[in-house]
């Protein structure tokens, strides 16, 4: 029995000696600076008397020194009293210190209209170990909220200015 206890103590001492090295603590990510989001235009893509297809053009600017993968876009486009609710993955990455255009498709069960209003948000995914851990545990990720209204551009018209606003929430 004494021999067993001695082996147990020596084993425990050996295991604790292995774990006495320096402990590596993960670096915390730099603070997230809010990206800016602007609804630049809504363009009519196709139309019929019963429905209309639109493309929403959203310009995002990332002031951070690291990229931000965009994982989810939820938005509601209102045209002619009808609404389209979108929930799509943008499948884009917002490069560090750059601007990108994000395109959000919509189809409305109504005849084309001269004006639109839109509200929505775009979620950004973690790129750092700690954020990934929090994401995997179900904590909410940063989400950029946007809204806009203005005239609908005809097919091939390019950008039509829009009144828009943006804010970011954690």
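The values are calculated or read from the model by the stated rules, or taken from the named source; none is laboratory data. Quantities reported herein were computed from a predicted structural model and do not represent experimental measurements. Glycine gets a Cβ as well: all are built from the backbone with ideal geometry, and neighbour counts include every protein chain shown.
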Select from the range 69-89 the residues that are modelled with pLDDT under 90 and at negative phi and list them in ascending order.
69, 71
Residue 168 vs. criteria surrounded by 13 or more Cβ atoms within 10 Å (Cβ to Cβ), modelled with pLDDT under 95 and closer than 27 Å to residue 48 by Cα:
no
Is it true that residue 138 is outside any strand (DSSP E or B) and either touching a strand residue (DSSP E or B) at 6+ places or on another chain (Cβ under 8 Å) or modelled with pLDDT of 90 or more (or both)?
no
Need a quick list: strands (runs of 3 or more DSSP E) entirely within the range 48-121 having at least 2 residues that are free of Cβ contacts under 8 Å to residues at least 24 places away in the same chain.
82-88
Among 157, 110, the single one that is surrounded by 15 or more Cβ atoms within 10 Å (Cβ to Cβ), under 23 Å from residue 78 (Cβ atoms), more than 17 Å from the chain's Cα centre (by Cα) and at pLDDT below 90 is 110
